[in-house]
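Data first, discussion second: the structure below is written as structure tokens.
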Amino acid sequence: MRRRRFTPEFKRSIIEQLLSETAGPAELCRRYNVSSGLLFTWKKQYAQGKLDSDPSREVELQARVRDLEQMLGKLTLENEFLKKALRNSLKQSETKDSSLPKTAASYAALKGGAN
């Protein structure tokens, strides 16, 4: 048995007839040979805005999501790079400090004392 496909325009026109109360649900089901369950599923989709005639809005939103995901990926990579650079910088400064000989005068200067 072959399934029928209904266009969003067709679904929207039937639901708009239902909402304008020009025809009842039973009459619309008989006229267009669709089940009442399908009719109310379309009504729910219509209420959620899934049967809008402006598909460009959805395409626009998908493009925006794709751009934001790319930006997030780029910022994540930059963040990881900066964290590694900071860690390496701290390691190098620790090794430079620890390789210098410790004397009493330099130790006192580090503590803030003059003598």
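Please treat every number below as a calculation from the coordinates, not as lab data. All values reported here derive from a predicted model rather than from experimental measurement. Methodologically, a virtual Cβ is constructed for each residue, glycine included, from the backbone with ideal geometry; neighbour enumeration extends over all protein chains shown.
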Original post:
Roughly how many nanometres apart are two label points built 7 Å out from the Cα toward the Cβ at residue 83 and residue 27?
Top reply: 6.5 nm
Original post:
For residue 67 and residue 44 in one chain, what is 0.36 nm times their gap in residues minus the Cα-Cα distance, to one decimal in nm?
Top reply: 5.2 nm
